[in-house]
Structure formats: structure tokens, C-alpha cells
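Q: Just passing along the structure, written as C-alpha cells.
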Amino acid sequence: MKKLINDVANVLAESLDGFAAAHADLVQLDEERKFIRRKSLKGGKVALISGGGSGHEPLHGGFVGHGMLDAACPGQVFTSPTPDQMIAAAEAVDQGAGVLFIVKNYEGDLMNFEMAKEMAGRDIETVITNDDVAVEDSLYTTGRRGVAGTLVVEKIVGAAAETGQDLQTLKSLGEKVNKRSRSMGIALTSCTVPAAGKPTFSLGDDEMEMGVGIHGEPGRRRVKLMPADAIAEEMIVAILADLEAAKSSPVLLFVNGFGGTPAMELYLMYHAAAGALARRGVKIARSLVGSYVTSLDMAGCSLTVTALDEEMISFWDAPVHTPGLRWGM
Amino acid sequence: MKKLINDVANVLAESLDGFAAAHADLVQLDEERKFIRRKSLKGGKVALISGGGSGHEPLHGGFVGHGMLDAACPGQVFTSPTPDQMIAAAEAVDQGAGVLFIVKNYEGDLMNFEMAKEMAGRDIETVITNDDVAVEDSLYTTGRRGVAGTLVVEKIVGAAAETGQDLQTLKSLGEKVNKRSRSMGIALTSCTVPAAGKPTFSLGDDEMEMGVGIHGEPGRRRVKLMPADAIAEEMIVAILADLEAAKSSPVLLFVNGFGGTPAMELYLMYHAAAGALARRGVKIARSLVGSYVTSLDMAGCSLTVTALDEEMISFWDAPVHTPGLRWGM
Amino acid sequence: MKPDLGRLLEGVAARIIAQAEELTALDSAIGDADHGLNMKRGFEAVLADKANILAKPLPEALKAIGMTLVMKVGGASGPLYGTLFLTLGKELPEDPTLADLARALTAAVEAIKARGKADFDNKTMLDVLGPVARHLGDGTATFASVRALAHQRAEATVPMKAIKGRASFLGERSIGHMDPGARSSELMITTLCDELEACA
Amino acid sequence: MKPDLGRLLEGVAARIIAQAEELTALDSAIGDADHGLNMKRGFEAVLADKANILAKPLPEALKAIGMTLVMKVGGASGPLYGTLFLTLGKELPEDPTLADLARALTAAVEAIKARGKADFDNKTMLDVLGPVARHLGDGTATFASVRALAHQRAEATVPMKAIKGRASFLGERSIGHMDPGARSSELMITTLCDELEACA
Ligand SMILES: Nc1ncnc2c1ncn2[C@@H]1O[C@H](COP(=O)(O)OP(=O)(O)O)[C@@H](O)[C@H]1O
Ligand SMILES: Nc1ncnc2c1ncn2[C@@H]1O[C@H](COP(=O)(O)OP(=O)(O)O)[C@@H](O)[C@H]1O
Ligand SMILES: [Mg+2]
Ligand SMILES: [Mg+2]
Ligand SMILES: [Mg+2]
Ligand SMILES: [Mg+2]
């Protein structure tokens, strides 16, 4: 394992401390490192709290700030945070207008946020994101994973929250954005969990994982390395098959790197994905390219397509000022 | 070689096309892909042009836009652009107030920009960046490499150019920022040039390269993998030994990822580097953490320290709106 | 039976900590490579809190263990094992009989099902805990039979296709691997049997 | 001598293209792994422009080759090899003698020195080009002797410490590797000798 770390036991703490110090103008880290919060809160606004296992930076801590989250709870690497973290975060940022949890659809996250909700004794609602089409959706299983589409939910709901929308309205908006967002990912290499010390899975030199999750979970199938155009084609086909709304709405195309993939390749994938959309008559209205929802050092990327409407476009365009995403201010 | 590409011959073209399409609101790609320019130019302003080998994205094309460059010329991967590119770029963005070339100190870049200057028949000045302390500075050699400090020069000179400063003033400012910026890099893995198909150098599982450049050039020495704190300590010592001004000025600390290193590790390195500065009484006034000056998929990072003065701080803070760096607008 | 809770606690914790790498390896195959790390972190926290826990009567001690697991383990296993111990604490009297134990474990299994919205044969810890709870109440349980059953039920998760938990994302590809949570449940149960037998 | 420029051009281009991987491998050791790619791109562009080049008288043809190299190769070698051919074009008459060639190459070497601010023994292409230019003028040159000298001077860069070019960043670690530009100069010169000898 080759990483820029000291002791594996301190990776999370030192990284959080560095993050908080580098962005001290925007965020504060709780003394026990249970949560990252906005430096200054906005009275009367619904508090948005997300969180999840660490290793996906800048998600979620990097999206704390004006126009997105009020707090984020970092779990251990790839492990959902514990209820005490969400309880403490809610205590710190609840302004009396209620709290909205944004939770990625993993059982660990669901249960820990649920226990926090039960124990916090506050007005709390939850939006669950499950945008990953690589996994079959079914009532009988855990269902689909929440992946990079979570950023889109946090951005759009975050912008709406700044305008003073109430808890129920924000929950509905979050559910709408989630329903209109679909993602799929591929990996060229595994990631390595620091404490595990070796790659989570092993791939041959000529292999890739199609439909991988953001924890290095194996995907739909293992295939021979494919050209970028063919990869994008398969991903876009899978995404559009499950996103009826994209037939009649302009879309956001979000190309997300997993941590070990450079910008040059992400832009090449954008080119490939945009071509696949254009061939199907889908119009791209907004774009985002970068490593925003990562899997430690995994090489690979995901594509997210969100079918936009006017409300969503205006909230997407609204000013945002966080360590990880910033525009308009 | 595992990369998200199609044919190695088309990597650059497809990546540039994707970049231009994803950021069509800000930039335009020349039809022959000789340069990336701002979509709308500002009359009467000195035109800032940079460029260099590709593979360092977002440098330089990602820094075209308000508050930074007017145009950038992308060479082949790790190969300086050719004079016709800079001549065409100057033709496209020169507003009559002259052109400033910002060139990293590599002989290839110097000679190609110099030939462009000779052939363009315009009022052109050049700022050469050479912030890399891993290489000994000497009159008899090529001297030091220009690395991540180039971003700082482009940001500060770019902001000054927006205020209408003239060519000579901007050249002096660029030289000042360069003189007050020092960097050093380390690599945990080699990068792989797409057309070469295999890693440029090979490192043992327990080895790292101390003082690496941004082309995967071997560095000062090959050493056993070190803890992050020890790495930061050695880099900060080398940087401060060559940056007298940091004794009496607040600094910008810029932790730069090389493309294959995730945000979690960069923030951990920020923590380590900030500690090394604090122990020496150096005050951090501004911070930047991210993969901005990359080496394809190389794992590793560089630290840049810039000794700031009031003028530099206000230009650093000034609004910038480019694909790669954005704040204040 | 009047075993020493401190010894039971230390025994179970030591076993989980000692097998952490194996649990993580199982989780690498069909999950996210952290189950051993999670359980180790949880039981280290329990050990650190041992004096406090042992000062309490059994029901309160079990609740304290459950709360520590909830607040330290995270992931799916934290709330679930936390629920297990919290429910045992709620259901057990200070001085439980085997029948009390069977009833309490059955209640805990139901609580885990509710918390995780899962059922038997979903390839989870429930596939060990459920059968063991039933066996404890069927009047034939011996230390050896409980151990054998726990082991057999963990092995029985190998050919299952996961319906719940992270392994469910794998669909058919989850077949052929033991569920890490089933294995950690087996480890806890067999270690408990070992310790209780040694005191008996 | 009245050799066919088309044949010379094709011979040199084919040789450089064929050896591109070797040049890149040399550049991997002490540079940035692109010298072969750069040279290949340049000479492919020259070949693509062949009809146009061959339509011109020798001096103009050489200038056209130089300009193509400048505009297509990039890196350090583009401006330098471009300067080489541009200078030869400026210095040579339409029908050059060996003495003309020696004088023109000497001028080109000076132009390369000026463009790259480098000198002999800096571990660059100059360490092949300079000695060959001198030898062409010393009255003893044969095809065999020129080839041998080019080869020997390229080999002689191995023990040098680089003072200029990317390899200079390596300091002492540049010692022990052949300079890629020296090798590409050797390849051009030996191929020219081969072709000229074959026509002679
Ligand atoms: N819904 C569920 N019901 C019961 N057990 C579950 C459920 N989801 C997961 N598990 C158990 O938890 C184990 C995984 O725990 P762990 O790896 O610590 O958490 P995570 O899956 O969040 O990384 C699985 O092996 C399985 O036994
Ligand atoms: N200043 C210089 N003077 C003469 N030759 C040089 C100089 N700098 C570099 N070279 C030659 O150029 C070669 C490298 O060319 P190339 O790899 O194509 O460009 P780059 O170094 O920009 O990647 C070196 O091997 C050396 O022979
Ligand atoms: Mg987990
Ligand atoms: Mg080069
Ligand atoms: Mg797990
Ligand atoms: Mg080179």
C-alpha cells in the first residue's frame, strides 16, 4: 500500500484536521470530530445534514457551506457514521426549522441515521438517494446504491433551503431530484482501504469492473478493458433505460472521477458520454467534470445524468460556496 | 496501461474537445486545437498566454477565463507546444495592449515560446517560472523547473491584468511572484504517458521518489517510503531554505496532487505541512488544496509556499472564473 | 450457571479482535472490506469501558455494551449488534436461566429483523442468530450442539445469494462466499459456549 | 555526388520512425519519455509534405523541412532540429560540395548552440553534430569514418553528466545513460551516409 499517511489509525483524524484548517474560513470541525459544520449558520433555515463513510472526499464534508449542507458526519473509511455523530450535528446546526438528513442508500447509513432520528428528539426528515443503475432495484433487496447523484441532490436541495423552503417541501424536492438522477460507475483498479492495507479486489492488467460502487464493491460484471467510447456507450444506455424523464428534459451530465483518475481522462470520458447522449437526441444543459464523489485512490469514473426542469436548473445555478464546489460567490 | 481512452493517437484531441464542450460557457477551442481562449475578451487589457505539454490538467487550459489567462496552448503530452500555436493564440487574443507569455522553465518551452515571439511580430514579454527547489539553481545549467508555483503566478498576474496594469508592470509582478514561490514534489508511483504505454520509471513497492518533477522525471533521490509527516518536513525544510521572504511574510500554502492521489491524502499532507510551517513560526495566510498541476496519473504531491505581501494577497483574493479555479464570481 | 461476565466479555472481545483480519477478508470478497475493522473498533471500545460495564447488573451491563457498539462500530453491523445487546439487556433478568436466554435471543433476532428490514436466508448474521435462538429453546441444546449449529449455519451462508446487506449489490456473484456477519456471530456464540463450558 | 533528395528524406524518416521506441526508452531513463514520439510525429509530417518539399530547390526544401519540424515536433528537439535544417537551407547552395556541407553544418551547430544556450560536452545532440561537422571539414571524411564517429560520439554521451536539457535536472543520476538527442542525431547521420553511399 502506497499512501501519503502516517499511522493508519490516524488517517481520518489527520485528514479531517487538515481539511478544517485549510478551509477555516468556511467550516468548523467538531472537537470530537463528530461532524463538520458551517462556520456561520443562517437563522430560520432548515438544516441539511448528510454524512457517510469517509474516503469519498470531497463528499460530504467538502459540500458544507452556503448553498449546500449545514453539517456532514464523517464515518470511518467506508463505514457509515454512528448515531451520536448525527445527534451532535443536529444539535449544533438545527435552527428550529427542522433537519433534513440526506442519506445514501446503504443499510449501514440508513440504520445509523434512523437510530439518530429516533434518539435525537427533533423534527427530522430523511431523503434517501439511490441513483446507481448498476444494481437492480427491487422491493425485496437493499435496492440501488446512492452514489454520485447525491451531489446533485445536495446542491439543488441546498440552494432551495437557502431560499427558506420548509422541511416537507425540501424533502419532496430531494426525492424528485433523486428520482430524476441516474448513475453508473466503472473501475480500472481497486481502491485500498488504509486499515486493510491491500486492494479490496484484484483486477487483471486487461480487466475492468463494469458497474462498480463507490466502495470498491464488485460491479455488474468483470470485463476486458474497453475503449472509452464503448464504456460510455454502455453506461449511457443503462442510465437512459432507467430515466424516462431524459427523453423530454434537458440534462445535467456529471462525469465523476473516483480519486485515481486524472482530469485529462475525465474530459475524454465527457466527450465520449456527450456523444452517446447526442446520438440519442438528449440535450445537455449543464455539465460538471471532476473528482467529487471518490473511492479513495480507485481509478475509474462514474457518469450521472439528471433530467432537469426549470426549478432544478435555477437551483443548480444558484450561488454555492463550499470547499468542494463553488460558484456565483 | 489502464486508462480511460480510445486510440492513444486521439487522447489529446478527444480530451480537449470534451473540455471545451464541458466549459463552453467560458472557453473556446481553436478549430485546429492550437489554443484554448476565453469566450469573451476584455478590450484594452494585456493578453496573458501560457501553455506547455499536456498531461498537467487543469494547468493551463483550465485556467483560461476571467482573472487568469486569455489563452493557453496545449502541447502533446509532456511536450511543449509549437510556435505556430502561440502565434495563433496571440493573434486571437491580443487586444493591442501587448502579450505576456508565462512559461515554465524547460528548454523545450523556452525555445518554442521564444521562436513564437520572434515570428509573431507583436509586443510580447515573457515571465519564466522556476519554483522547483528539488533541482539546483545554476547559471551553467537549465536551472530549476517551473512547477505548481506557475498557478500562483497565473492567478496573481491574471488578477492584476484585469485591473488594467501594463505589460512591463505585469512582467515585473510575475517575476516577483515567481521569486517568492518555491515548490517541491514527491511521487509514490510513476505516471504513464499514453503513447509510451508503460510507466516512465519504476518504483519498488516500498520506494518513493523525493524531488520529482511534473513529467515523472526522476527527482533528487529514491528513498524508502516515508510517513507523511517526514515527507512534509523534508519538503518544507528544502523550500524554506530557499525562501528567505517566508521568514517575515505570511504565506500561501498550496498542496497539489499529481493526479492519482485522492483528496483525503492531500488534506492529510496539508495537515503535515502546516505543522512543519507552524513549528518554524511561518504564518499561513491563504491555502489551496487540490490536484491543479498534475502529471497524468502519477500518485504523489507537491508543496508550494509563496511569501505574500499585501498586493499579492489582494490579487490572490480577487475574483476568478475559470474551469479549474473559481471564486468571488 | 453463574459465569463471570468480565471473563465472557474479555473472551468474546479477544476472539473478535483476533479474527478481525479474517472478517475483513470475508467482507472484501462480497462487501467493502471493513467488517473486521468495525467489530474490532467496537469491542476495543467495550473493553475500554469494562470497569463501568461490570459495575452494573447484567441487564444494564448488556445495554451499555449495546450502546457502545451502536456508537462505535458504525456500518450495518453497529446498529444490528447494538440492537442485539440492547434487546438482550431489555429482556433478560439479572440472573437468567437457559429459557430466559432463549426467549431474549429470540426477541433480539426479531429486533434485528425489524431494524435491518431483513429476513432469514438473506445471507446475513440472522442466519446464525435465528437458528441458534430456536435451538436454545428446543430443550436439546448442549455447548457442543450450539457450537456445531453456529458453525454449520455460518457455512450454510456460502451458497446463499445475498438479498440484504452490501453483498446484495453483487446479485449472483455473492454466491460462494461466507457472509462476514454470519461468521462474526458464529465467533461470538462459539466463544461464549467455550467460556461458559469452562466455568461449568 | 547527385543523390536523390526524396530517397534521402524517406530513408532518414523511416529510420527515425523505426527507432522511435528506442529513442523514447532512452528519454524515459533521463528525460520524459517522449523523444521518439516527438521525432516520429515530426518526420511523419515531413513525409506527408514530401511532394511539396521535393518540388523546391535544395535550400528551400531544407527550409521547408526545418519549418515542418519546428511546427510539429515541439519539446526541445523541435526548435533545435528545426534550426538545424533551417540553417542548412540558408547556408547551402543548390548543388553543394562536401566543403559546402561542412561549412553549413558548422553554421547549423552554432545556430543550435545559440538557440539552446548550450555548449559541447553538455550531453546533448551537439556532442554528435559538432564533431561530425568538424570531421566533414578536415579532409579525411569517408562514409565509414563519419558513421563511426557519429556512433562513437553518441556512445561518448553515456558517461557525461548532463548540463543542459531535461536530463540536467538529474544531476549525477544522468551519468550512465546515452542522451536521446545524441542518438537521434547519430541515426540521421548514419542513415544519410548509408543512402549516399548506396547512390555513390
Ligand atoms: N439488513 C441486514 N440485516 C441483517 N444483517 C445485515 C443487514 N445488512 C448487513 N448485515 C450484516 O452486516 C454484515 C456487514 O457488516 P459491516 O461490514 O460491518 O457493515 P457494512 O456492510 O456497512 O460495511 C453483513 O455481513 C451482514 O451479516
Ligand atoms: N539546450 C539544448 N541544446 C541542445 N540540445 C538539447 C538542449 N536541450 C535538449 N536538447 C536535446 O534534446 C533532446 C530531448 O528532446 P525531446 O525529448 O524531444 O524534448 P524534451 O526534452 O523537451 O522532452 C535531448 O536528448 C538533447 O539531445
Ligand atoms: Mg462499511
Ligand atoms: Mg518532452
Ligand atoms: Mg462492510
Ligand atoms: Mg523528452
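The values are calculated or read from the model by the stated rules, or taken from the named source; none is laboratory data. Please read all numbers here as calculations on a predicted model, not as lab measurements. Here the Cβ positions follow ideal geometry from the backbone for every residue, glycine too, while neighbour counts run over all protein chains shown. Ligands, DNA and RNA are stripped out before the accessible areas are found, and what is left, the full protein with its side chains, is counted by its heavy atoms. Shrake-Rupley method; radii C 1.70, N 1.55, O 1.52, S 1.80 Å.
Q: Charges on Cβ only, +1 for Lys and Arg, -1 for Asp and Glu, centred on the Cα centroid of region D:71-200; of D:74, D:142, D:187, which one is farthest towards the dipole's positive end?
A: Positive-end residue among those listed: D:74.
Q: Share of Cα-Cα pairs in region A:214-327 beyond 19 Å, in percent?
A: 49 percent
Q: Further question on the same structure: Please report the buried accessible area for the interface of A with B, total over both chains, probe 1.4 Å, in Å² to the nearest 100. Walk me through the numbers before you get to the answer.
A: Details: alone 13500 and 13510 Å², together 22680 Å².
That pair hides around 4300 Å² of surface in total.
Q: Continuing with this model, one more query. Looking at the protein assembly as shown, send over the antiparallel percent of its DSSP beta bridges, to the nearest 5.
A: Rounded to the nearest five, the antiparallel share is 55 percent.
Q: If the label for residue C:58 sits 7 angstrom from Cα along the Cα-to-Cβ line, what are its distances to the same label in every other copy, in nm to one decimal, shortest first?
A: Shortest to longest, the spacings are 10.8 nm.
Q: What part of the accessible area of chain C, given as a whole %, is carbon or sulfur when the probe is 1.4 angstrom?
A: Reported share for carbon and sulfur atoms: 58 percent.
Q: What percentage of the solvent-accessible surface of chain B, computed with a 1.4 Å probe over protein heavy atoms, is contributed by carbon and sulfur atoms?
A: Here it works out to 49 percent.
Q: If you don't mind, another one. Calculate, axis by axis, the spread of Cα positions in chain A along the three principal axes, and write the results as whole Å, longest axis first.
A: Result, largest extent first: 51, 49, 42 Å.
Q: Normalised by the empirical 2.2 N^0.38 Å for globular proteins, what value does the Cα Rg of region D:1-144 take?
A: After normalising by residue count via 2.2 N^0.38 Å, the value is 1.03.
Q: Could you work out how far helix C:20-30 tilts from the main Cα principal axis of chain C, as a 0 to 90 degree angle to the nearest 10?
A: Rounded to the nearest ten degrees, it is 30.
Q: Keeping all protein chains in place and using 1.4 angstrom, which order do D:7, B:182 fall into by accessible surface area, from largest down?
A: I get D:7, B:182, largest accessible area first.
Q: Ballpark to the nearest 100 Å², how much total accessible area do A and C bury together, probe 1.4 Å?
A: Details: alone 13500 and 9190 Å², together 20020 Å².
Adding both sides of the contact gives about 2700 Å².
Q: Put a label point 7 Å from Cα along the Cβ direction on residue D:47, then list its distances to the equivalent points in the other copies in nm, shortest first.
A: Spelled out, the distances from residue D:47's label point are 6.9 nm.
Q: Let me ask something else. State, as an integer percentage, the relative contact order of region A:16-180 based on alpha-carbon contacts under 8 Å between residues 6 or more apart.
A: Relative contact order here is 21 percent.
Q: May I ask for the distance between the Cα centers of region D:123-200 and region A:99-170, given as a whole number of Å?
A: Result: 67 Å between the Cα centres.
Q: Using a Gaussian network model on chain B with a 10 Å cutoff between Cα atoms, which of B:302, B:80, B:287 fluctuates the most?
A: Ranking B:302, B:80, B:287 by mean-square fluctuation puts B:287 first.
Q: Could you sort out which of A:2/C:72; D:90/D:123; A:198/C:117; B:198/D:123 sit more than 29 Å apart by Cα distance in this structure?
A: Long pairs (Cα-Cα over 29 Å): A:198/C:117.
Q: For region B:98-237, just run the numbers: alpha carbon Rg, then divide by 2.2 N^0.38 Å, N being how many residues it has.
A: Dividing the Cα Rg of region B:98-237 by 2.2 N^0.38 Å gives 1.21.
Q: Average projected area of the Cα convex hull of region C:94-187, in nm²?
A: For region C:94-187, averaging the hull's shadow over all directions gives 6.1 nm².
Q: Say a label goes 7 Å from Cα toward Cβ at residue B:204 in every copy; what distances in nm does this one have to the rest, shortest first?
A: The projected label point of residue B:204 is separated from its counterparts by 3.0 nm.
Q: On to the next question. Using 1/(1 + (r/R0)^6) with R0 = 30 angstrom and r between the beta carbons of residue B:244 and residue B:163, what's the FRET efficiency to the nearest 0.05? The partial results should precede the final answer.
A: Working: r = 28 Å, r/R0 = 0.95.
It comes out at approximately 0.60.
Q: I would also like to ask the following. Quick check: pseudo-label points 7 Å beyond the Cα along Cα→Cβ at residue B:285 and residue B:317, how many nm apart are they?
A: The two pseudo-label positions are separated by 0.9 nm.
Q: Just to be sure I understand: with springs between alpha-carbon atoms less than 10 Å apart, which residue in A:40, A:190, A:295 has the highest mean-square fluctuation in the Gaussian network model of chain A?
A: Of A:40, A:190, A:295, the most mobile in the Gaussian network model is A:40.
Q: Still on this model: On a 0 to 90° scale, report how tilted helix D:35-48 is relative to the longest principal axis of chain D, with both axes built from alpha carbons and the result rounded to the nearest 10.
A: Approximately 20 degrees, to the nearest ten.
Q: Given a cut-off of 20 Å, name the pairs among B:176/D:164; A:42/B:283; A:104/A:176 whose C-alpha atoms lie farther apart than that in the structure shown.
A: From the list (B:176/D:164; A:42/B:283; A:104/A:176), the Cα-Cα distance tops 20 Å for B:176/D:164; A:42/B:283.
Q: Further, regarding this structure: Only four residue types carry charge here, +1 at the Cβ of Lys and Arg and -1 at the Cβ of Asp and Glu. Report the dipole size of the protein assembly as shown about the Cα centre in Debye, rounded to the nearest 20.
A: Dipole about the Cα centre, nearest 20: 600 debye.
Q: Continuing with the same structure: Rounded to the nearest 5, what % of DSSP beta bridges with both residues in region B:181-310 are antiparallel?
A: Around 75 percent of the beta bridges assigned by DSSP in region B:181-310 are antiparallel ones.
Q: For the protein assembly as shown, with equal point scatterers placed on the C-alpha atoms only and solvent neglected, what are the log10 I(q)/I(0) values from the Debye formula at q = 0.09 1/Å, to two decimals?
A: -0.99
Q: For chain B, give the share of DSSP beta bridges that are antiparallel, in percent and rounded to the nearest 5; count only bridges with both residues there. Mind showing how you got there, number by number?
A: Details: 29 of 53 bridges.
Around 55 percent antiparallel, to the nearest 5.
Q: Excluding residues fewer than 8 places away in the same chain, name every one of the aspartates and glutamates whose C-alpha is closer than 18 Å to that of residue D:63.
A: Filter leaves B:84, B:118, D:4, D:10, D:44, D:49, D:91, D:94, D:95, D:100, D:110.
Q: Further question: What is the average number of partner chain Cβ atoms found within 10 Å of a Cβ in A:267-278?
A: That works out to 6 on average.
Q: Excluding ligands, DNA and RNA, what is the solvent-accessible area per residue of the protein assembly as shown at a probe of 1.4 Å, expressed in Å²? If you can, show how the numbers build up before the last one.
A: Working: 35740 Å² over 1058 residues.
The answer is 34 Å² per residue.
Q: Per-residue Cβ counts within 10 Å, from other chains only, averaged over B:225-231: what number is that? Don't skip to the end; give the middle numbers.
A: Working: counts 4, 2, 4, 10, 4, 1, 2.
That average works out to 4.
Q: Just tell me which lysines come within less than 18 Å, Cα to Cα, of residue B:45; anything on the same chain fewer than 8 places away is out.
A: Cα-Cα hits under 18 Å: B:155, B:171.
Q: Here is a further query. Would you tell me the mean number of C-beta atoms belonging to other protein chains that fall within 10 Å of each C-beta in C:21-27, as a whole number?
A: 2
Q: If contacts are Cα pairs under 8 angstrom and at least 6 residues apart, what is the relative contact order of chain D in percent?
A: It comes to 22 percent, rounded to a whole number.
Q: Which chain B residue hugs the B-A rotation axis most tightly by its Cβ, and what is that distance in angstrom, to the nearest whole number?
A: Smallest Cβ distance to the axis, with its residue: B:260, 2.
Q: I would also like to ask the following. Below 8 Å, C-alpha to C-alpha, sequence gap of six or more: please give me the relative contact order for region A:175-329 in percent.
A: This gives 29 percent for region A:175-329.
Q: Let me ask something additional. For residue B:310 and residue B:179, what does the FRET efficiency come to when R0 = 25 Å and r is the distance between their Cβ atoms, rounded to the nearest 0.05?
A: For residue B:310 and residue B:179, the calculated efficiency is 0.90.
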